[in-house]
Amino acid sequence: MPAMGVDIFGVQGSPPCRAVYLVAKAIGLDYTFNKVDMQAGQHRSPEFLKMNPAHTVPTMKDGDLCLGESKAIITYLMNKYAPDSELYPKDPAERAKVDQRLHFDSGLFSSIRGIVFPVLFNKNLEEFKKNKPKLDENLDLLETFLGRSQNVAGEKVTVADLAVLANVSTVQAAGLLEKDKWPRISAWLTRLQTQLPYYSVNVEGANMLGEAVKKGIAELGA
Ligand SMILES: N[C@@H](CCC(=O)N[C@@H](CS)C(=O)NCC(=O)O)C(=O)O
């Protein structure tokens, strides 16, 4: 492990990891990527737990600072390495809105996890059916946000868009983003996927996880 610079520990499929990769790419951050072998339990090794006792990815190390939680990592990277970027506005009211949407995105991720686990790990159709409405409720809320402004936290693209993008692209790849039900989300997603020059960093991971979920849903007969 290099002694200097930013180290990011993560995996490819994870939405919160991909949110960090999108932000890092957007600001041109020079960092070292450390792939965590979760199947081998590397995230629960004593070395990893010293950095992040919550044993989650993404985890970041920058000098003496070790951080878990994707949103804390994202706002730290913006504050330290891109303080003038419009992706995280300085105006307190504008920034508060971005922060609010980042918190919303944590709930959105939990609701995605609520359908991923029953499909990929527990193979439990009833649990999937029980948890799906929570995801739909969060997508309804996002549809409302996108009815108020062009992007998730205002007219400009911010880190809130990048975090939500990592999640919603997974939902899309899983075949669960109904265009008729969430037309504004669908249009926003297509626009960002085609217009953001750094979007490519999200593609492989979103497709990998989304397609596994899609296959799992079909196998469960949902
Ligand atoms: N709230 C956390 C969630 C991170 C999270 O749950 N990551 C999953 C992978 S998607 C993980 O590391 N799971 C392993 C574990 O909890 O032991 C964040 O935004 O960083």
Glu94, sole failed condition from (1) within 13 Å of the ligand (Cβ to nearest atom); (2) surrounded by 15 or more Cβ atoms within 10 Å (Cβ to Cβ): (1)
Where a residue in region 10-35 is polar (S, T, N, Q) and its partner, wherever it lies, is open to solvent by less than 10 Å² (accessible area, probe 1.4 Å) and away from the ligand (no atom under 13 Å from the Cβ), with Cβ under 6 Å and at least six apart: Thr32/Asp7; Asn34/Asp7
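One line per residue, one yes/no per condition, for (1) within 13 Å of the ligand (Cβ to nearest atom); (2) hydrophobic (A, V, I, L, M, F, W, C); (3) under 18 Å from the mean Cα position of the chain (by Cα):
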| residue | (1), (2), (3) |
| --- | --- |
| Asp37 | yes, no, no |
| Glu47 | no, no, no |
| Val57 | yes, yes, yes |
| Ser70 | yes, no, yes |
Tally, over region 170-200, of residues that are more than 24 Å from Arg95 (Cα to Cα) and surrounded by 18 or more Cβ atoms within 10 Å (Cβ to Cβ): 9
Residue list for region 103-117, restricted to those being open to solvent by 10 Å² or more (accessible area, probe 1.4 Å), more than 11 Å from the ligand (Cβ to nearest atom) and among the hydrophobic types (A, V, I, L, M, F, W, C): Phe104
Of all residues making up region 18-71, the number that are outside any strand (DSSP E or B), open to solvent by 20 Å² or more (accessible area, probe 1.4 Å) and not hydrophobic (A, V, I, L, M, F, W, C): 20
Ala153 touching a strand residue (DSSP E or B) at 6+ places or on another chain (Cβ under 9 Å) and either within 30 Å of Asp91 (Cβ to Cβ) or open to solvent by 20 Å² or more (accessible area, probe 1.4 Å) (or both): no
Residue under evaluation Asn131, criteria (1) farther than 21 Å from Asn167 by Cα; (2) open to solvent by less than 50 Å² (accessible area, probe 1.4 Å); (3) in contact with a Pro (Cβ under 7 Å, 6 or more places away or on another chain), criterion not met: (1)
Test: residue in region 51-58 that is in contact (Cβ under 8 Å) with a residue 60 or more places away in the chain and of a type in the set (Ser, Thr, Tyr): no
Number of the exception - Leu220 against (1) under 19 Å from Leu135 (Cα atoms); (2) free of Cβ contacts under 8 Å to residues at least 60 places away in the same chain: (2)
Total residues in region 119-147, condition over 14 Å from Pro183 (Cα atoms), not in a loop (DSSP other than H, G, I, E, B) and not β-branched (Val, Ile, Thr): 16
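The values are calculated or read from the model by the stated rules, or taken from the named source; none is laboratory data. What you see is a predicted model, and the numbers here were worked out from it, not measured in a lab. Reconstructed Cβ throughout: ideal geometry from the backbone, glycine too, with neighbour counts over all protein chains shown. Please note that ligands, DNA and RNA were not included when accessible areas were found on the heavy atoms of the full protein model with its side chains. Shrake-Rupley method; radii C 1.70, N 1.55, O 1.52, S 1.80 Å.
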